[in-house]
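Chemist: My questions all concern the structure below.
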Amino acid sequence: MSHKKVLTEADVTPESIFYDRRKVLQALGLGAASLAFPGTSQADLLSWFKGNDRPQAPAGKPLDFTKPAMYQANLPLTPEDKVSGYNNFYEFGLDKADPAANAGQLPTSPWKVTIDGEVGKPMTLDMDDILKRFPLEQRIYRMRCVEAWSMVVPWVGFPLSALLKLVEPTSDARYVAFTTLYDPEHMPGQKDRFIGGGLNYPYVEGLRLDEAMNPLALLSVGVYGKTMPPQNGAPIRLTIPWKYGFKGIKSIVHIRLVKEQPPTTWNQIAADEYGFYANVNPHVDHPRWSQATERFIGSGGLLDVQRQPTLLYNGYEKEVGHLYHGLDLRKNY
Ligand SMILES: Nc1nc2c(c(=O)[nH]1)N[C@H]1C(S)=C(S)[C@@H](COP(=O)(O)O)O[C@H]1N2
Ligand SMILES: [Mo]
């Protein structure tokens, strides 16, 4: 999702090669760095290349949740180590392995979320409050990154609509604006433009109110049955399965109901490439690569890259197609 380098679709690194590259890097690192730092032990260097010297997140806690039949899609899941090892979270670096290596010390408890703006009952909720108030469910969703890779993820969360109803949106509320935590001390990408890819921080996202009220729109607090790992956006993030992954803003601290369409981070940096809507669409290509197919990240390893057709609205047309009737999807990408 680098906006500077001119990428073709073939440059988007297959995850099998990504894992291989980590191994090569580790091996090379050992060799090269051993020469540069003759006093350093191989174990220390290997540890450094793996990110083992950085504090790891505490293990996820098991959550209580139901499994509504309609959301238990019968699809092969992306394995847990890939869901939480291959991430985009630019606050922790641009490499897919950076979030897992660098997000471990993100303080996620206590955590508060403020919901305000065009609402009758603005409020600030503690995470414990949120977990008590909203019954959790597991939902198995397809997840499609704009970079043309995809996963199938068992999220645990609750409908965004439940939270929005609680604060009673006024008749002036037309959009919902979301903001990620701003904490440069713990998010190195917010302090250093090189690490953070030159994005504006804090990361912001938005939805039309009717999109936000759609039953598929989920606030996720866990994955694979346990609390959310920091690299996936602990303790609470958005999951909008019919839109490109960048709409799924992580580590949310503020939800504001507003009258006008709010600014969104990737749109601010490259408006011609990342629209406000960002609905998954095989017929509307990214200016630098095709969106017709995607690389599914499954249990396979090297040489087992699975390409599959991209589905309109990521396969959720029945549930969300009506939201966009009469909208030119080429203009409103
Ligand atoms: N705050 C924040 N949220 C973010 C991002 C980010 O860099 N910062 N990356 C987005 C992108 S591009 C994707 S594809 C998804 C990835 O979510 P995952 O790592 O849980 O798969 O998070 C989205 N949410
Ligand atoms: Mo993405």
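Chemist: What single numbered condition from (1) assigned to a loop (DSSP other than H, G, I, E, B); (2) modelled with pLDDT under 95; (3) among the polar types (S, T, N, Q); (4) over 28 Å from D304 (Cβ atoms) fails to hold for N52?
Modeler: Condition not satisfied by N52: (4).
Chemist: Do any residues in region 225-248 that are on the phi > 0 side of the Ramachandran plot and open to solvent by 10 Å² or more (accessible area, probe 1.4 Å) have Cβ atoms under 7 Å from those of residues that are outside any loop (DSSP other than H, G, I, E, B) and away from ligand 2 (no atom under 13 Å from the Cβ), where the two are at least six apart or on different chains, and which pairs are they?
Modeler: Sorted first by the residue in region 225-248, then by its partner, the pairs are G225/P62; G225/V156.
Chemist: Need a quick list: strands (runs of 3 or more DSSP E) entirely within region 185-284 having at least 1 residues that are within 14 Å of ligand 2 (Cβ to nearest atom) and modelled with pLDDT of 95 or more.
Modeler: Those strands (runs of 3 or more DSSP E) span 204-208, 237-239.
Chemist: Also, I was wondering about something else. When region 252-264 is examined, which residues are found to be under 21 Å from N87 (Cα atoms) and surrounded by fewer than 19 Cβ atoms within 10 Å (Cβ to Cβ)?
Modeler: Passing the criteria: only V253.
Chemist: Let me ask you something else. Filter region 289-333 down to the residues that are in a loop (DSSP other than H, G, I, E, B), at pLDDT 95 or above and open to solvent by 60 Å² or more (accessible area, probe 1.4 Å), then identify the one that is nearest to P79 (Cα to Cα).
Modeler: Among those residues, the one meeting the criterion is L311.
Chemist: Quick check on my filter: what residues within region 79-90 are touching a Gly at 6+ places or on another chain (Cβ under 8 Å) and within 14 Å of ligand 2 (Cβ to nearest atom)?
Modeler: Result: N88, F89, Y90.
The values are calculated or read from the model by the stated rules, or taken from the named source; none is laboratory data. In this text the structure is predicted, and so the values were computed from the model without any measurement. Neighbour counts are summed over all protein chains in view; Cβ atoms, including those assigned to glycine, are modelled from backbone coordinates with ideal geometry. Ligands, DNA and RNA are excluded from the accessible area calculation, which covers all protein heavy atoms including side chains. Shrake-Rupley method; radii C 1.70, N 1.55, O 1.52, S 1.80 Å.
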